[in-house]
Amino acid sequence: MAQVLPAERDLRRVIGDGDGVPDGEVEGLSEQDLLELHRWLVLLRTYDERSVVYHRQGRIGTYAIYWNHEAMQAGSVYALEREDWIFPSYRESAIALLRGMPASTILSWWRGHPAGWWDPRDWNVASICVPIATHVPHAAGLAWGKKLRGERTCAIAYFGDGATSEGSFHEGANFAGVMRAPLVLFCNNNQWAISTPVSAQTAADTLADKAVGYGIPGVRVDGGDVLAVYEATREAVTRARAGGGPTMIEALTYRVAPHATADDPSAYIDPQRVEEEKQHECLGRYEAYLRRLGLLSDEAAEAVRVEAAELMRTGIAEAEAEPPPDPGLVFENAYADPPPSLAADLADLRRILGAPSA
Amino acid sequence: MHWSTNTGVGLVAELTLVEAINDAFHVELGRDANVMVMGEDVGRAGGVFRATAGLLDRFGPERCVDTPLAEAGILGSAVGLCMAGWRPVCEMQYDAFSYPCLDQLITHVGRYRWRTGGAMEFPLVVRMPYGGGVRAPELHDDSPEAYYVHTPGVKVAIPSTPSDAKGLLAAAIRDPDPVVVLEPKLHYRTMRGEVPEGEHVVPLGQARVAREGSDVTLVAYGAMVPLAEQAAEELEGEASAEVLDIRTLKPLDEDALLASAAKTGRVVIVQEAPRTAGYGAELAAILAEKAMLDLQGPVLRVTGYDVPYPYWQLEDAYMPSVERVVDAVRKLLEF
């Protein structure tokens, strides 16, 4: 077995600050790639900002905001191939947009409508995991199962800093290490689990340090730097495909929005720190980088925003056009072969509702 | 093992209950290359009860996998294996060691198909030895079926004979839905019976009349079935007791339960697990809802008590016994 080095401590960065820190570049990314990454960031940002508005308008339910997490999502997915599997948590609810899933599907999910169901095989995107870290073993199992079949597919599991305290994270990471499963464990460390700071989650210096215990490489990356995220994920995926097993990536960022629309962070978070962090949000940093390279014009940036806004207008219109779900759906889909009692329950419910029987 | 012909129907073998389970594995892994077995000590050791003996040698380490000691990791990665097209059979080494896997079972295994609008199937099996009476240390004796039965999206079967142990496991492996199979470890090696050779499937959802009777029905499953049969023998000359082996707790063969209740008019439910909110309460509720006018007296339960399973020098006092079942039947006859 390859010797596993201590996890990296320094944050990997590519994007400079336009001042003393120079810009780097990622080998192999064309101008077209750089602009496509920008399009992805804008798409995710627009989805998130519109969703907060839709929530306030009562058009979707409680929503988990991911503002300033877009670079981690876009950068990592850009390093994958279409056949690779994505296991999102609720913080990555819209990540399948990057694979072409209609916005209406995800909006329907947040509207609590069955039109928010999808077949994971259509997008190679697993269902959104609502409990914390319990999808990490799924990603490990999928990656291991694909490897057993001799396929070259990888998997990536997204989870937050709080998730690293969960037993499921440990069991999934350990399984993946033992099975040398082609898996990327992607931790978006936004430093807050609702009101609990990362210092109250672990006594470890860094979350990437945990990788050492699983016998896998651990790296740290600036989570607001889409190019550094891309590069680190590409390296992890390349290693995984070559049979090198899993990698843990700790991407460091800061949660500048509430945990979700139902949360009021004023009770626990320093608003001044939030304002400072907002000045370095990931989309603005990337746009400044592209402008320094002369790759992004005002017109091009506007065109991308218009496209994303239109996609959201269409998405919410389609989601709202979904007819109310039939109560019969309550009894469907849990079993391929349901117990007979469910049919009796449905008949009874229809009788009471006065609806025509199916 | 001794092979003989079964009155011309096919070959049968005289097997212990755990040998029958092992036989089911050999047949089902041989039949379907997507079936794999995973768990703690299932490979090199062949399982602590040897239920998976010989599978590693015959099918290789990719289809008979010694896993890390992590029940949630076993079941959680089995969910992912299903997504990759496998049909994993997960062994939980003991009843009470299965509790860490309940997180995965409740939050994902029973929900994932539903969550995909019925698009994806999760044809996995969780199997484990369960139950007491084996003079074992703490937490090797539990009857956890109620936790599993209560979880939507999951089916549950408990065999009581070697033949059913093979046939129900085969049905579970072939089923498109997640199935939990609890195996009465008390009878793993103490019970022998005729088991059909080769493919043998006992469909889920069908109860079995283990013994015909006309005055009272003893409803049981797993290790309580032979106990109920002994009680029925004890009652001979006093009352004619029918023994109904539920076999599949979910989906329940309600017709068989109601038919037997209608036939005898009296029901005693025998359950090893603690009484409160146990599976027997569900059976009693169904009888109250649907068999009221067939019954000549109250539905009685003989169960474990609402206490932690005792240390083994006390376990005989905890376990339902022939005496307790006979006592319940006498009370009911006098009602």
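Sort through B:170, B:232, B:239, B:210 and tell me the only one that's small (Gly, Ala, Ser), over 27 Å from residue B:118 (Cβ atoms) and part of a helix (DSSP H, G or I).
So the residue among B:170, B:232, B:239, B:210 that is small (Gly, Ala, Ser), over 27 Å from residue B:118 (Cβ atoms) and part of a helix (DSSP H, G or I) is B:232.
For residue A:261, state whether it is among the hydroxyl-bearing types (Ser, Thr, Tyr) and either touching a strand residue (DSSP E or B) at 6+ places or on another chain (Cβ under 7 Å) or not in a helix (DSSP H, G or I) (or both).
Judged against the criteria, residue A:261 is a match.
Got a sec? Which of A:202, A:206 is surrounded by fewer than 24 Cβ atoms within 10 Å (Cβ to Cβ), more than 11 Å from every other protein chain (Cβ to nearest Cβ) and out of contact with any strand residue (DSSP E or B) (no Cβ under 7 Å at 6 or more places or on another chain)?
A:202
Just for region B:211-226: of the residues that are over 15 Å from the mean Cα position of the chain (by Cα) and aliphatic (A, V, I, L, M), which one is nearest to residue B:185 (Cα to Cα)? Even if it seems obvious, please write down each step before you answer.
Applying the first criterion (over 15 Å from the mean Cα position of the chain (by Cα)) to region B:211-226 yields B:211-218.
Pick out the ones that are also aliphatic (A, V, I, L, M) and you get B:216, B:218.
Working: B:216: 28, B:218: 21 Å.
That would be B:218.
Taking residue B:202, is it at pLDDT 95 or above, in a loop (DSSP other than H, G, I, E, B) and either surrounded by fewer than 19 Cβ atoms within 10 Å (Cβ to Cβ) or touching a Leu at 6+ places or on another chain (Cβ under 9 Å) (or both)?
For residue B:202, the condition - at pLDDT 95 or above, in a loop (DSSP other than H, G, I, E, B) and either surrounded by fewer than 19 Cβ atoms within 10 Å (Cβ to Cβ) or touching a Leu at 6+ places or on another chain (Cβ under 9 Å) (or both) - is met.
Going residue by residue through region B:143-154, is there one that turns out to be in a loop (DSSP other than H, G, I, E, B) and β-branched (Val, Ile, Thr)?
Yes: one or more hits.
Taking region A:294-327 as the region of interest, how many residues are over 24 Å from the mean Cα position of the chain (by Cα), closer than 30 Å to residue A:25 by Cα and among the hydrophobic types (A, V, I, L, M, F, W, C)?
Matching residues across region A:294-327 total 4.
When the residues of region B:104-141 are narrowed to those that are within 9 Å of chain A (Cβ to nearest Cβ), among the hydroxyl-bearing types (Ser, Thr, Tyr) and outside any loop (DSSP other than H, G, I, E, B), which ends up nearest to residue A:115 (Cα to Cα)? Reasoning before the result, please.
As a first pass, look at region B:104-141 and keep what is within 9 Å of chain A (Cβ to nearest Cβ): B:104, B:107-108, B:110-121, B:123.
Still in the running and among the hydroxyl-bearing types (Ser, Thr, Tyr): B:107, B:112, B:116.
Now narrow it down to the ones that are outside any loop (DSSP other than H, G, I, E, B): B:107, B:112.
Working: B:107: 21, B:112: 15 Å.
Only one residue tops the list, namely B:112.
Table: residues versus (1) among the hydrophobic types (A, V, I, L, M, F, W, C); (2) in contact (Cβ under 8 Å) with a residue 12 or more places away in the chain; (3) farther than 24 Å from residue B:250 by Cβ.
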| residue | (1), (2), (3) |
| --- | --- |
| B:59 | yes, yes, yes |
| B:88 | no, yes, no |
| B:100 | no, yes, no |
| B:105 | yes, yes, no |
| B:120 | yes, yes, no |
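Based on this model, can you work out whether residue A:233 counts as crowded, with 22+ Cβ neighbours inside 10 Å, part of a helix (DSSP H, G or I) and touching a Gly at 6+ places or on another chain (Cβ under 9 Å)?
So residue A:233 fits the description; yes.
I'd like the full set of residues that are part of a loop (DSSP other than H, G, I, E, B), facing chain A (nearest Cβ under 8 Å) and not polar (S, T, N, Q), limited to region B:51-91.
B:62, B:68, B:70, B:84, B:85, B:86, listed by residue number.
Consider residue A:134 carefully, then state whether it is under 17 Å from residue B:77 (Cα atoms), facing another protein chain (nearest Cβ under 7 Å) and of a type in the set (Val, Ile, Thr).
yes
Would you check which residues across region B:255-281 are assigned to a helix (DSSP H, G or I) and surrounded by 18 or more Cβ atoms within 10 Å (Cβ to Cβ) and list them?
Scanning region B:255-281 gives B:256, B:257, B:260, B:261, B:264, B:279, B:280.
Just for region B:173-185: of the residues that are more than 11 Å from the chain's Cα centre (by Cα) and either in contact (Cβ under 8 Å) with a residue 60 or more places away in the chain or buried (at least 24 other Cβ atoms within 10 Å of the Cβ) (or both), which one is farthest from residue B:99 (Cα to Cα)?
Of all residues in region B:173-185, those more than 11 Å from the chain's Cα centre (by Cα) come to B:173-178.
From what is left, the residues that are either in contact (Cβ under 8 Å) with a residue 60 or more places away in the chain or buried (at least 24 other Cβ atoms within 10 Å of the Cβ) (or both) are B:173-174, B:177-178.
On the way: B:173: 22, B:174: 25, B:177: 20, B:178: 17 Å.
The residue in question is B:174.
Checking residue A:32 against (1) touching a helix residue (DSSP H, G or I) at 6+ places or on another chain (Cβ under 9 Å); (2) in a helix (DSSP H, G or I): exactly one of these is not met. Which one?
Residue A:32 satisfies all of (1) touching a helix residue (DSSP H, G or I) at 6+ places or on another chain (Cβ under 9 Å); (2) in a helix (DSSP H, G or I) except (1).
With respect to the numbered conditions (1) crowded, with 24+ Cβ neighbours inside 10 Å; (2) without any contact (Cβ under 8 Å) to a residue 24 or more places away in the chain, which one is the sole condition not fulfilled by residue B:229?
Unmet condition: (1).
Taking into account only those residues within region A:277-293 that are charged (D, E, K, R) and under 24 Å from the mean Cα position of the chain (by Cα), which is nearest to residue A:42 (Cα to Cα)? Please lay out each step first, then the result.
Initially, region A:277-293 is screened for residues charged (D, E, K, R), giving A:277-278, A:281, A:285, A:287, A:291-292.
Then drop every residue that is not under 24 Å from the mean Cα position of the chain (by Cα), which leaves A:277-278, A:281, A:285, A:287.
Numbers: A:277: 19, A:278: 16, A:281: 12, A:285: 12, A:287: 10 Å.
Applying the filter and picking the extreme gives A:287.
Working only within region A:136-157, note down all residues that are among the aliphatic types (A, V, I, L, M) and under 25 Å from residue A:90 (Cβ atoms).
Once the filter is applied, which keeps residues that are among the aliphatic types (A, V, I, L, M) and under 25 Å from residue A:90 (Cβ atoms), region A:136-157 yields A:136, A:139, A:140, A:142, A:143, A:155, A:156, A:157.
So, in region A:217-246, how many residues would count as being closer than 26 Å to residue A:197 by Cβ and touching a Pro at 6+ places or on another chain (Cβ under 9 Å)?
The qualifying residues number 1.
Among the listed residues B:244, B:252, B:287, identify the single one that is assigned to a loop (DSSP other than H, G, I, E, B) and touching a residue at least 24 places away in the same chain (Cβ under 8 Å).
B:252
Do you know which of the residues in region A:145-169 that are at the interface with chain B (Cβ under 8 Å from one of its Cβ atoms) and within 15 Å of residue A:211 (Cα to Cα) is surrounded by the most Cβ atoms within 10 Å (Cβ to Cβ)?
Per the criteria, the residue is A:168.
Looking at region A:279-332, which of its residues are part of a loop (DSSP other than H, G, I, E, B) and under 20 Å from residue A:21 (Cα atoms)?
A:279, A:280, A:281, A:293, A:294, A:295 - these are the residues of region A:279-332 that are part of a loop (DSSP other than H, G, I, E, B) and under 20 Å from residue A:21 (Cα atoms).
Is it the case that some residue within region A:213-220 is in a strand (DSSP E or B), in contact (Cβ under 8 Å) with a residue 60 or more places away in the chain and buried (at least 24 other Cβ atoms within 10 Å of the Cβ)?
Quick first cut of region A:213-220, residues in a strand (DSSP E or B) only: A:218-220.
Within this subset, residues satisfying the condition of being in contact (Cβ under 8 Å) with a residue 60 or more places away in the chain are A:218-220.
Now restrict to residues that are buried (at least 24 other Cβ atoms within 10 Å of the Cβ): A:218, A:220.
Scanning region A:213-220 turns up at least one residue that is in a strand (DSSP E or B), in contact (Cβ under 8 Å) with a residue 60 or more places away in the chain and buried (at least 24 other Cβ atoms within 10 Å of the Cβ).
Only one residue in A:163, A:181 is modelled with pLDDT of 95 or more, in a loop (DSSP other than H, G, I, E, B) and within 19 Å of residue A:88 (Cα to Cα), so which one is that?
A:181
Hey, could you check region B:235-248 for residues that are among the acidic types (Asp, Glu) and buried (at least 16 other Cβ atoms within 10 Å of the Cβ) and say which is farthest from the chain's Cα centre (by Cα)?
It comes out as B:242.
Please indicate, with yes or no, whether at least one residue in region B:114-127 is of a type in the set (Gly, Ala, Ser) and farther than 24 Å from residue B:35 by Cα.
The answer is yes; a qualifying residue exists.
Output the number of the condition that residue A:203 fails; it satisfies all remaining conditions of (1) part of a loop (DSSP other than H, G, I, E, B); (2) in contact (Cβ under 8 Å) with a residue 24 or more places away in the chain.
(2)
The values are calculated or read from the model by the stated rules, or taken from the named source; none is laboratory data. As the structure is a prediction and not an experimental result, all values here were calculated from the model. All Cβ positions, glycine included, derive from the backbone under ideal geometry; neighbour counts span all protein chains shown.
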